[in-house]
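Report on the structure given below.
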Amino acid sequence: MMMQLTRYTKPALSALVAAAFVGGASAATVSWSSSVFVNEGGAVKSVMGTGQIDTSGTQLLADNTGGGATTYDGISYTAGAITFDAVYNAYHAAANAVSSTGVYGTGGGANAFTLGAGGVGPDLVIGNSYRVQLLIVDGRGPQAGRTFEADGINQGVFANGVTNVTWGDSLLVTGTFVADATSQSFSVEAKEVSGGSADGQLNAVLLHEVPEPGSLALLGLGGLLIARRRR
C-alpha cells in the first residue's frame with residue numbers, strides 16, 4: 001500500500017504579513033500619559049478650559065461623544081459617533097457642549113471603542129504614528145474622587161466637583177502609538193473612590209496623525225541644506 005504525500009508550499013512572507021492585518025482591531029502598544037484639564041470661570045469653573053488640546057499633526061477625528069456637532073477652542077467636533085450603553089448631558093455646566101455631554105457604560109466594567117477600520121474615523125496606516133486624546137469630565141459633587149483607567153492604566157482623578165460650589169477641573173488623557181493594523185481598540189473605565197468599577201466614560205475623543213521624531217529631524221536637516229545652498 002502506497003501512502004500519498006501532499007506537497008506543502010511555504011507561503012510568501014508578504015502573504016503572511018497581509019493576513020496578520022486582515023480583520024479585527026490591532027493591539028499596538030500605546031504609551032499613555034495624562035494632565036489636569038483646567039476649567040475656567042473663576043472659583044466656580046463653569047467654563048471649559050482652552051489651549052490645552054494638542055492640535056499638532058493632521059486631525060483625523062474630533063468626536064463629541066454623546067452630543068451634537070459643535071466648535072470649541074478652534075476645534076470642530078462632529079456629532080458623537082462613539083457609543084457605549086447610554087448618554088448623559090450634565091457632566092459639566094450646560095453651556096459647554098463638549099464637556100457637559102458624554103457616553104457611559106452600564107455593564108459593570110470597562111468599555112471599549114475602536115478607531116479606524118470597522119470603528120470610528122478613517123482607516124489607520126500601518127507604520128504611521130498617531131496621538132489619541134480623551135477628555136474625561138465629571139463635575140458632579142457626589143462623584144468627586146473618581147479616577148480613570150486607559151487600557152487598565154490609572155490616569156488620575158477626573159471628577160473634582162463640589163455640589164453648589166464648583167464644577168472643578170477635568171482630565172486630559174493622551175495616548176501615542178504606531179499603527180500595526182488599520183484599526184486600534186482602546187479600553188476605558190472609571191473607578192469609584194472605593195476602587196469599584198463605575199463603567200466606561202468618555203466626553204470627547206480626538207485623533208491626530210503625527211510625524212515620527214526621526215521624520216521631523218530629517219525635515220529640519222533638509223531645510224538646513226536648502227538654506228545653505230541659497231547662500
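The values are calculated or read from the model by the stated rules, or taken from the named source; none is laboratory data. Keep in mind that what you see is a predicted model, and the values were worked out from it rather than measured. Cβ coordinates were reconstructed from backbone atoms using ideal geometry, including for glycine residues, and neighbour counts include every protein chain displayed. Calculation scope for accessible area: heavy atoms of the full protein, side chains included, ligands and nucleic acids excluded. Shrake-Rupley method; radii C 1.70, N 1.55, O 1.52, S 1.80 Å.
Here are the numbers:
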| item | result |
| --- | --- |
| All positions within segment 29-40 that are touching a residue at least 40 places away in the same chain (Cβ under 8 Å) and either surrounded by fewer than 17 Cβ atoms within 10 Å (Cβ to Cβ) or under 25 Å from Gly141 (Cα atoms) (or both) | Thr29, Ser31, Ser33, Ser34, Ser35, Val36, Phe37, Val38, Asn39 |
| From the options Asp138, Asp180, Asp123, residue that is modelled with pLDDT of 95 or more, within 16 Å of Ala93 (Cα to Cα), in a loop (DSSP other than H, G, I, E, B) and of a type in the set (D, E, K, R) | Asp138 |
| Qualifying residue in segment 97-113 (condition: under 13 Å from Glu209 (Cβ atoms), of a type in the set (A, V, I, L, M, F, W, C) and in contact (Cβ under 8 Å) with a residue 40 or more places away in the chain) | no |
| Which numbered condition Val132 fails, given (1) over 18 Å from Asp180 (Cβ atoms); (2) outside any loop (DSSP other than H, G, I, E, B); (3) in contact (Cβ under 8 Å) with a residue 40 or more places away in the chain; (4) among the β-branched types (Val, Ile, Thr) | (1) |
| Residue satisfying all of: in segment 46-83; within 19 Å of Ala112 (Cα to Cα) and in contact with a helix residue (DSSP H, G or I) (Cβ under 8 Å, 6 or more places away or on another chain); least open to solvent (accessible area, probe 1.4 Å) among these | Asn64 |
| Residue under evaluation Ala94, criteria (1) open to solvent by 60 Å² or more (accessible area, probe 1.4 Å); (2) of a type in the set (Gly, Ala, Ser); (3) out of contact with any helix residue (DSSP H, G or I) (no Cβ under 6 Å at 6 or more places or on another chain); (4) without any contact (Cβ under 8 Å) to a residue 24 or more places away in the chain, criterion not met | (3) |
| Options Ala43, Ala86, Ala18, Ala25; residue that is at pLDDT 95 or above and either on the phi < 0 side of the Ramachandran plot or open to solvent by 60 Å² or more (accessible area, probe 1.4 Å) (or both) | Ala86 |
| Some residue of segment 66-79 being of a type in the set (Phe, Trp, Tyr), over 15 Å from the mean Cα position of the chain (by Cα) and either at pLDDT below 95 or over 26 Å from Ser185 (Cβ atoms) (or both) | yes |
| Count of segment 141-153 residues which are closer than 24 Å to Thr166 by Cβ and outside any loop (DSSP other than H, G, I, E, B) | 5 |
